[in-house]
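First comes the structure, then the notes that go with it.
A short reminder: the numbers here are calculations on the coordinates, not readings from a lab. Quick caveat: nothing in here was measured; it's all calculated off a predicted structure. Neighbour counts run over all protein chains shown; Cβ positions are idealised from the backbone, glycine included.
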Amino acid sequence: MENIIESIKKDLENVINLSDLNELKVKYLGKKGIITELQQQIKDLDVEQKKEFGIKLNEIRTLFNDLFSVKQEIFETALINLKLQQESIDISLPETVVKTGSKHPMTRIQEQFEDLFVSMGYTVYDGPEIETDENCFQKLNLCKGHPARDAQDTFYLENEVENYLLRSQTSTAQVRAMEENIEKGPLKIVCPGKVYRRDEDATHSHQFAQIEGLVIDENISMADLKGTLELFLKKFLGEKTEVRFRPSFFPFTEPSVEVDVTCFKCGGKGCSLCKQTGWIEVLGAGMVHPNVLEMSGYDSNKYQAFAFGTGMDRFAMFKYGITDIRTIYGNDIRFLNQFNRRDED
Ligand code: DAH
């Protein structure tokens, strides 16, 4: 036994790595290990010897385990340190510049519109850009051949089953939202999105963005419409902005109004932007025509509604000083880089 103690001490002193250390465990405590085999001899001894032998054997086992743990810890710590050293990062190296994108000016404007209307209790409703003639025109009181369709000449898609087109106005969302509302009860939505028309000059693009609003409830009047639009326009364009309502015509509203604001550029004095009038037209709106409510299943005796629609591009042009609407959709990196600011406005 004394020899064994010596050999344990020597082995554990000379061991140089973790795997050799583990082999020593097999050598002494494995199935056929030295200590294990001694253990098996106990049964052949008499009672007195058993006791003495047992105590000694335990001492040997404890000695092995203690020395083993000490070495194990040394090797494991060394391994961890090595790993830490290998994985360390040299923070003095110059950074690799990550190119970050930025929000498109129209995304910014749309988010500002959404935030404002959501704060007034509206839900944002999303409608498809490919629409049926029925939703884009007929259910908005513009039957086939109606002269008011001319102002919204759009792109038709060839299809034998349905008369599909690229929507020319977000007013189509009114129809979809009303039809989807099974209870035919109160509704308060805004629908921002792209619309398409056959137009192209500095202030018209074949693709542009509108936002539509629709509020349906009992006892809704023109006063609600006026209050809502005044609040929205002053919040968006500045408290000093004056708002003017002019009688107008839209097939889907009765009465209808067009809404002007004091010129963003000259503040109402008269300049080239407002063609010396001091006013700029920004919105179409009105009380939803009873026919429109009825066509989508609403009881027009019980419910009234107001609606409004406006071009979001014009607000972006004003806010960011953009002079040609076509640059908004041109994807020219020199234009987009000008909006490369992380702070939100
Ligand atoms: N859809 C109209 C357009 O594109 C704008 C409009 C006018 C929307 C009156 C409305 C409204 O909801 O009531 O010219």
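At a Förster radius of 35 Å, what calculated FRET efficiency corresponds to the Cβ-Cβ distance of GLU239 and PHE339, to the nearest 0.05?
0.85
Which value, in debye to the nearest 20, describes the size of the charge dipole of the stretch 120-231 about its Cα centre when Lys and Arg Cβ atoms bear +1, Asp and Glu Cβ atoms bear -1, and nothing else is charged? Please report the intermediate quantities before stating the final value.
Numbers: 11 positive and 21 negative charges, 45 e Å.
With Lys and Arg at +1 and Asp and Glu at -1, about 220 debye.
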For LYS99, list the aspartates and glutamates whose Cα falls under 19 Å from its own Cα; do not include residues on the same chain fewer than 8 positions away.
-> ASP332, ASP343, GLU344
What number, rounded to the nearest 500 deg cm²/dmol, is the helix-based mean residue ellipticity at 222 nm of the chain, given -39500 (n - 2.57) per DSSP H run of at least four residues and division by all its residues?
-> -12500 deg cm²/dmol
Answer check: the stretch 185-235, Cα atoms, Kirkwood Rh, Rg/Rh ratio of 1.12
Alpha-carbon centroids, the stretch 182-233 and the stretch 15-58: separation in whole Å = 88 Å
Identify the trypsin sites (Lys or Arg not before Pro) of the stretch 292-345 meeting these criteria: DSSP loop state and at most 14 other C-beta atoms within 10 Å of the C-beta.
-> LYS302, ARG341, ARG342
Given a Förster radius of 45 Å and the C-beta distance between SER248 and HIS104 as r, what FRET efficiency does 1/(1 + (r/R0)^6) yield to the nearest 0.05?
-> 0.90
Could you please rank THR228, THR170, placing first whichever residue has the fewest other Cβ atoms within 10 Å of its Cβ?
-> THR228, THR170
Taking the Cα-to-Cβ direction at CYS143 and at LEU29 and moving 7 Å from each Cα, how far apart do the two end points lie in nm?
-> 9.6 nm
Which distance in nm do the two modelled labels at ASP150 and SER221 give, with both placed 7 Å along the Cα-to-Cβ direction?
-> 3.8 nm
Distant-in-sequence amide H partners of HIS206 (H built 1.01 Å from N, under 5 Å) = ASP199
Provide the three semi-axes, in whole Å and in decreasing order, of the ellipsoid equivalent to the chain as defined by the square roots of 5 times the Cα gyration tensor eigenvalues.
-> 83, 28, 19
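Before anything else, pin down the relative contact order of the chain: Cα pairs under 8 Å, at least 6 apart, normalised by residue count, whole percent. Could the numbers behind the result be given before it?
Values: 476 pairs, mean separation 50.1, N = 345.
The normalised contact order for the chain reaches 15 percent.
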Taking only C-alpha pairs under 8 Å that are 6+ residues apart, what is the relative contact order of the stretch 232-328 in percent?
-> 19 percent
What's the FRET efficiency of LYS275 with GLU129 using the Cβ-Cβ distance as r and R₀ = 35 Å, to the nearest 0.05?
-> 0.60
Can you give the charge dipole size of the chain about its Cα centre, rounded to the nearest 20 debye, using +1 on the beta carbon of Lys and Arg and -1 on the beta carbon of Asp and Glu?
-> 740 debye
Considering the options LEU67, ASN163, CYS191, tell which one lies farthest towards the positive end of the dipole of the chain, charges being +1 on Lys and Arg and -1 on Asp and Glu at the Cβ, about the Cα centre.
-> CYS191
Spatially proximal lysines relative to LYS83 (Cα-Cα < 30 Å; intrachain offsets below 8 disregarded) = LYS9, LYS10, LYS25, LYS27, LYS71
Go through PRO105, CYS143, ILE130 and say which Cα lies farthest out towards the positive end of the charge dipole of the stretch 105-339; charges sit on Cβ, +1 for Lys and Arg, -1 for Asp and Glu.
-> PRO105
Take the eigenvalues of the Cα gyration tensor for the stretch 179-311, scale each by 5, and report the square roots as semi-axes in whole Å, largest first.
-> 29, 18, 13
So how much slack lies between GLU162 and SER88, counting 0.36 nm per residue of separation and subtracting their Cα-Cα distance, in nm?
-> 20.2 nm
Can you quote the Å³ per residue value for the convex hull of the Cα atoms in the stretch 2-86, rounded to an integer?
-> 79 Å³
What translational diffusion coefficient, in µm²/s and rounded to a whole number, does the Stokes-Einstein relation yield for the stretch 78-182 at 25 °C and a viscosity of 0.890 mPa s, taking the hydrodynamic radius as the Kirkwood radius over Cα pairs?
-> 130 µm²/s
Once you charge only the Cβ atoms, +1 for Lys and Arg and -1 for Asp and Glu, what is the size of the charge dipole of the stretch 84-140 about its Cα centre, to the nearest 20 debye?
-> 200 debye
Expressed in nanometres to one decimal, the distance between label points 7 Å along Cα→Cβ at GLN72 and GLU179 is 7.3 nm
